[in-house]
Amino acid sequence: MKDRLGEFLIEKGLFITAISSVVIILLIIVFIFSEGLPAMESYGFLNFIFGSTWDPSSGQYGILPMIVGSMGITLLALIFSVPLSLLCAIFMAEIAPKTVRKIMKPVIETLAGIPSVVYGFFGLIVLVPLMRTYFGGTGFSMLTASIILTVMILPTIVSVSEDSIRSVPSEYKEASLALGATHWQTIKNVIFPAAVPGVITAIILGMGRAIGETLAVIMVAGNVAQFPSSIMDPVRALTSNIALEMGYATGMHYSALFATAIVLFMLIMILLVIANYFHYKKKINVGGGYL
């Protein structure tokens with residue numbers, strides 16, 4: 001009787017916890033939309049999304065330059081980080097000796113725990129002057145922000161990708177080697193394709209971290225609400241726009257910042273839907289005879 005009661009309480013406790021998480025997320029979404037929709041309705045949805053000028057003092061709230069800035073920083077960071085992360089994950093999972101793996105894994109996990117302000121401070125003190133010296137300009141740019149984000153999201157992608165590679169059944173590897181394939185051919189043609197769904201999940205998590213990062217981007221991106229003509233130009237991300245101006249915003253300006261959060265939320269959802277589509281498509285292909 002005691003065991004049944006304990007099991008019942010644990011089951012209901014877990015259920016309540018899960019429902020509470022969903023309810024909290026829904027309440028946050030409702031709050032953001034209720035605060036941001038008035039600005040979209042007043043200024044016009046298309047004008048807000050596709051407007052090229054952000055100037056609250058004159059009543060202009062176009063966020064297209066910041067959408068371009070956020071996407072540019074995120075895509076550059078993924079271009080830099082994904083190859084590095086995957087090569088590192090493959091090395092740690094399949095090639096590195098045990099002693100090397102024991103050293104590398106904690107170091108990479110430590111990188112994930114470093115506060116974003118530390119990364120931003122490093123970028124401000126080290127990267128910005130380097131960019132100014134070797135590439136000209138102020139040093140505050142899309143490229144600088146993407147390099148910082150590359151380092152920040154690399155631990156996430158490496159850790160999840162390595163776990164995915166190591167979770168591939170050993171029978172796959174043994175069968176490939178038994179058929180005469182080399183170790184590298186086995187990694188390239190058998191192990192990595194089988195781990196692709198998990199790798200895509202790792203990239204999704206890294207992308208979510210990159211597009212949602214605020215403080216480090218504020219410190220090195222330049223925060224100029226303009227269309228960048230090159231990766232060396234300063235940009236302002238959607239998250240930076242909210243963080244920089246929320247402290248003194250009132251009225252329409254305040255509502256427009258919440259509308260910016262709505263756009264950021266929708267942008268992340270669209271990217272996650274696209275990424276998950278390819279994730280499940282690849283998972284089905286692997287399960288249905290891709291190997």
Practice task
Report the residue, chosen from N189, N276, N47, that carries the largest GNM mean-square fluctuation when the chain is represented by alpha-carbon nodes joined by springs under 10 Å.
Solution key: N189
Fill in the blank from the handout: Result row for the chain, helices from DSSP H with C-alpha axial extent 30 Å or more and mean Kyte hydropathy at least 0.5, is 2-43, 64-90, 142-166, 251-285
Fill in the blank from the handout: Net charge near I191 (other residues with Cβ under 14 Å of its Cβ; Lys, Arg +1; Asp, Glu -1) is -2
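In the range 180-245, which trypsin sites (Lys or Arg not before Pro) are in a loop and have at most 16 other Cβ atoms within 10 Å, using DSSP for the loop call? Kindly include the intermediate steps, with their values, before the conclusion.
On the way: sites: K188, R209, R236; in loops: R236.
Passing both the DSSP loop test and the Cβ count: no residue.
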Handout entry: Set of aspartates and glutamates near K188 by C-alpha distance (under 19 Å), chain-local residues within fewer than 8 positions excluded
Key = E94, E162, D163, E171, E174
Handout entry: Globularity index of the range 2-48, i.e. its alpha-carbon radius of gyration over 2.2 N^0.38 Å
Key = 2.07
Handout entry: Among A18, A178, A77: highest mean-square fluctuation, GNM of the chain, C-alpha pairs under 10 Å
Key = A18
Fill in the blank from the handout: Once Lys and Arg are counted +1 and Asp and Glu -1 for all other residues with Cβ under 11 Å from that of I90, the total becomes 0
Fill in the blank from the handout: Per the charge dipole of the chain (beta-carbon charges, Lys/Arg positive, Asp/Glu negative, Cα centre), the residue among P38, S170, A194 reaching farthest to the positive end is S170
Completion exercise
Evaluated at 10 °C and 1.306 mPa s, the Stokes-Einstein D of the range 65-290 based on the Kirkwood radius over Cα pairs, in µm²/s, stands at 83 µm²/s
Fill in the blank from the handout: Under a Gaussian network model of the chain whose springs join Cα atoms within less than 10 Å, the largest fluctuation of S20, S170, S255 belongs to S20
Completion exercise
Dividing the helical contributions, -39500 (n - 2.57) per DSSP H run of n ≥ 4, by the residues of the chain yields a 222 nm value, nearest 500 deg cm²/dmol, of -24500 deg cm²/dmol
Practice task
Distance between Cα centroids, the range 27-53 to the range 144-216: provide it in whole Å.
Solution key: 37 Å
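Throughout, read-outs are computed from the coordinates displayed, never taken from laboratory work. What you see is a predicted model, and the numbers here were worked out from it, not measured in a lab. Every residue, glycine as well, gets a Cβ built from its backbone with ideal geometry; the counts of neighbours run over all protein chains shown.
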